[in-house]
Amino acid sequence: MNLSVATRIENNESPSLQRFEIPGQIVAMPAWKRTMDIFGASVGLLMLSPLLVLVSAAVMLDSRGAPFFRQRRIGRGGMPFLCWKFRSMHQGAERLQAQLNAYNEANGCIFKMRDDPRRTRVGKVLRRTSLDELPQLINVLLGQMSLVGPRPPVIPEVVQYQPDELRRLAMVPGMTGLWQVSRRGAFEFSEMVALDVEYGERLTFRRDIQILLRTIPTVMFGRGSY
């Protein structure tokens, strides 16, 4: 565990209000990448607005609660931000997390459960098709996320990171990324970290376009998504 994170826990400080210390240099955001993010997010929100309205209505009709869910995630440089998603679980789902940890089907710091009882009927479809992540275009427009980058982790995951695993927080997180289009949820956590670090070391416009194009069939066939 990173020393600065451990110290905050021992002092009972709220990690949601703190910045996590990242070893090594922070990966700079190239101008071309930010330009692509602004253009892509703006066009995406405009063109997908009818779909966003339909999904919002489906979420509200299926279960009680707001259609959107905001969760604190850790972004570039260890800074927390509120990540937007369509709500795919029943209200109060986070409070049941501890009871389900024994059924975790992933390794490392990530929690994944194929038949998660907290998920709504509409939520199962949203997760399988990744439609629940469309509101993250708002985060991209705000500069908190990128179209392509590492998956933004939740705070309980980050406090379990080993020092070398914190390196994946050195760059802006993304809606899709190298490990997502490689095998989606079938990856070992260590492999995911390695791919994230590799991506940060080889940032190119061409590679981002390739990842975005590979995301389309990956989402359509829902490989490893649950």
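The values are calculated or read from the model by the stated rules, or taken from the named source; none is laboratory data. Please read these numbers as outputs of a predicted model, since none were measured by experiment. For neighbour counting, all protein chains shown are included, and Cβ atoms are generated from backbone atoms with ideal geometry for every residue, glycine included.
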- Identify all residues within the range 184-194 that are buried (at least 20 other Cβ atoms within 10 Å of the Cβ) and either at pLDDT 90 or above or of a type in the set (A, V, I, L, M) (or both); write none if there are none. 192, 193
- Task: Sort out which residues of the range 135-152 are surrounded by fewer than 21 Cβ atoms within 10 Å (Cβ to Cβ) and within 11 Å of the chain's Cα centre (by Cα), and write them in order of number.
- Result: 151
- Pick out, from the range 33-142, the helices (runs of 4 or more DSSP H) lying fully within it that include 3 or more residues that are more than 30 Å from residue 204 (Cβ to Cβ), modelled with pLDDT of 95 or more and not polar (S, T, N, Q). 49-62
- Restricting attention to the range 154-168, which residues are surrounded by fewer than 21 Cβ atoms within 10 Å (Cβ to Cβ) and either aromatic (Phe, Trp, Tyr) or part of a loop (DSSP other than H, G, I, E, B) (or both)? 159, 160, 162
- Query: Does residue 180 qualify as being part of a loop (DSSP other than H, G, I, E, B), farther than 14 Å from residue 83 by Cα and not aromatic (Phe, Trp, Tyr)?
  - Reply: no
